[in-house]
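The values are calculated or read from the model by the stated rules, or taken from the named source; none is laboratory data. The shown structure was predicted, so the numbers you read here are calculated from the model rather than taken from an experiment. Virtual Cβ from ideal backbone geometry, glycine too; neighbours counted across all protein chains shown. Ligands, DNA and RNA are excluded from the accessible area calculation, which covers all protein heavy atoms including side chains. Shrake-Rupley method; radii C 1.70, N 1.55, O 1.52, S 1.80 Å.
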Amino acid sequence: MADSRAPVLANSTAYNVEAVRRDFPILSETVYGKPLVFLDSGASAQKPRQVIEAMRDCMEHQYSNVHRGAHYMSAATTDAFETARERVQKFLNAGSPDEIVFTANVTAAINLVANSFGRAFLREGDEVIVSEMEHHANIVPWQMLAEATGVKLVVAPVEDDGSFRLERFAELLTDRTRFVAITHCSNVLGTRVPAKELVQLAHDAGAKVLLDGAQAAVHGPVDVRDLDADFYGFTAHKLYGPTGLGVLYGKLDLLNAMPPWQGGGEMIEKVSFKGTTYKEAPHRFEAGTPAIVEAIGLGAAIGYVEELGRDAIAAHEQGLLNYANERLRSIDGVRLIGTAADKAAIVSFLVDGIHPYDVAAVLDRQGVACRVGHHCAEPLMDRLGVIGTVRASFGLYNTLAEVDALAEGIEKAKRMLG
């Protein structure tokens, strides 16, 4: 494999974004005759050559099913698959690879916890706290659990500026609070929740905590043992890996106390018509053939991110965020949605008098790809009193020049439609 990382490493004292961009073939594409400016990584990030090549190499040279073959190919692929699990363990600083469950995505990870832990250990009248800024993936599974079991859903507020205040969260904790399911970082506002302090408060009240890390795991280091999170979920495709794969971290004693959610091959210890016994975690939650190539791709993505340096990436993205805030605030009629002090590089905004879909359409014709709409967070839109926003979400490959392209596209939308 060609070492296209070399230019980055040679200049590691300063983040070499142009060298990083050369790792992403799609970034050299044009749309409508203009250079692609991809500012939609919060929905799904682009893939570096290292991930593409790792997945292709598996399929071309060693692909087989895992955990069940007595031949060389199966053993080699199993080793690669389990090595990916170990890379995820280290990425999250989990205590054991057995605490890492591969799922279809982070939505499936949350559904697993709601359906397994929730149905086994929560009872009618128990309270589950979510927040107003959750993605639908961290609302609907708990609503479904409430409908099935009589669990009560309690909603923690978000401030007008998008910040999350711990004291208001603490006021919601009662002797009936049994579970807290909160985003670690809002996909709309970029707000980072003070997770470590939140977990401590919840534990003091006797509740378990799940953190939705779909965005947070992309924009900075995550240490589940330092956070003391009981469960943590993220997804591969936002972390420059493939679609079709998510991760659930769970404390091992909790995972082994939870019943399987789905049944099938691979998760069993013994099956007879008198009954079935199940393997220990993580395999009891991985029924059927897993996403083998995708797990290997995630391992390559983690390797790529760690080679660049998670702190270096975070610092680069913070620079993009600061510049984007400055440029957009300088445009008359632009209103930033979500201005909390501690934010990841996600910028939602509106332009006075112009529908957000029209703004996004003009940006698109300039080659600038943003997301528009409610971002799977309709309750947050209701809370903020908006129908939707335009969202620019930055990744490790974006540049200050691309922030300028965003600002210039907004100015053009104002001239055309304002």
Evaluation of residue 277 against (1) β-branched (Val, Ile, Thr); (2) open to solvent by less than 20 Å² (accessible area, probe 1.4 Å); (3) assigned by the TED database to the domain that holds residue 118 (one fails), failing number: (2)
Residue identified as hydroxyl-bearing (Ser, Thr, Tyr) and in contact with an Asp or Glu (Cβ under 7 Å, 6 or more places away or on another chain) among 103, 107, 149: 149
Pair list, Cβ under 7 Å, 6 or more apart: the range 237-253 residue open to solvent by less than 10 Å² (accessible area, probe 1.4 Å), other residue of a type in the set (Lys, Arg) and part of a loop (DSSP other than H, G, I, E, B): 240/47
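Residues checked against (1) over 23 Å from the mean Cα position of the chain (by Cα); (2) open to solvent by less than 10 Å² (accessible area, probe 1.4 Å):
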position: 320; (1), (2): no, yes
position: 336; (1), (2): no, no
position: 368; (1), (2): no, yes
position: 381; (1), (2): no, yes
position: 385; (1), (2): yes, no
position: 399; (1), (2): no, no
Strands (runs of 3 or more DSSP E) enclosed by the range 61-166 - at least 2 residues per element that are over 21 Å from residue 284 (Cβ atoms) and at pLDDT 95 or above: 127-131, 152-156
Odd one out for residue 287 among (1) of a type in the set (A, V, I, L, M); (2) open to solvent by less than 30 Å² (accessible area, probe 1.4 Å); (3) without any contact (Cβ under 8 Å) to a residue 60 or more places away in the chain: (2)
Number of the condition not met by residue 207 [criteria: (1) under 29 Å from residue 303 (Cβ atoms); (2) open to solvent by less than 50 Å² (accessible area, probe 1.4 Å); (3) at pLDDT 95 or above]: (1)
Yes/no for residue 84 being under 30 Å from residue 175 (Cβ atoms), crowded, with 16+ Cβ neighbours inside 10 Å and in contact with a Leu (Cβ under 9 Å, 6 or more places away or on another chain): no
Matching residues in the range 301-342 - criterion: being assigned to a strand (DSSP E or B) and aliphatic (A, V, I, L, M): 334, 336, 337
Verdict on residue 298 being in the same structural domain as residue 32 (by the TED database) and either assigned to a helix (DSSP H, G or I) or modelled with pLDDT of 95 or more (or both): no
Residue list for the range 387-397, filter: buried (at least 24 other Cβ atoms within 10 Å of the Cβ) and among the β-branched types (Val, Ile, Thr): 389, 390
Condition check for residue 169: farther than 22 Å from residue 109 by Cα and either buried (at least 20 other Cβ atoms within 10 Å of the Cβ) or without any contact (Cβ under 8 Å) to a residue 40 or more places away in the chain (or both): yes
Subset tally (residues that are over 22 Å from residue 48 (Cα atoms) and of a type in the set (Val, Ile, Thr)) for the range 215-253: 1
Contacts under 6 angstrom Cβ, first residue in the range 331-348 being assigned by the TED database to the domain that holds residue 398, partner surrounded by fewer than 17 Cβ atoms within 10 Å (Cβ to Cβ), 6 or more apart: 333/352; 339/161; 340/161
Meets criteria (in the same structural domain as residue 143 (by the TED database), modelled with pLDDT of 95 or more and crowded, with 23+ Cβ neighbours inside 10 Å) for residue 217: yes
Residue satisfying condition, being over 24 Å from residue 136 (Cα atoms) and aliphatic (A, V, I, L, M), within set 369, 377, 407, 340: 407
Test: residue in the range 266-273 that is touching a Pro at 6+ places or on another chain (Cβ under 6 Å) and open to solvent by 10 Å² or more (accessible area, probe 1.4 Å): no
Residue match in the range 135-157 (condition: polar (S, T, N, Q), over 22 Å from residue 227 (Cα atoms) and without any contact (Cβ under 8 Å) to a residue 60 or more places away in the chain): yes
Search result, residues across the range 367-395 that are touching a residue at least 40 places away in the same chain (Cβ under 8 Å), closer than 22 Å to residue 31 by Cα and out of contact with any Asp or Glu (no Cβ under 7 Å at 6 or more places or on another chain): 367, 368, 390, 391, 392, 395
Residue match in the range 47-63 (condition: open to solvent by 40 Å² or more (accessible area, probe 1.4 Å), over 26 Å from the mean Cα position of the chain (by Cα) and under 26 Å from residue 279 (Cα atoms)): yes
Residue among 132, 127, 147 that is surrounded by fewer than 22 Cβ atoms within 10 Å (Cβ to Cβ), out of contact with any helix residue (DSSP H, G or I) (no Cβ under 7 Å at 6 or more places or on another chain) and closer than 18 Å to residue 209 by Cβ: 127
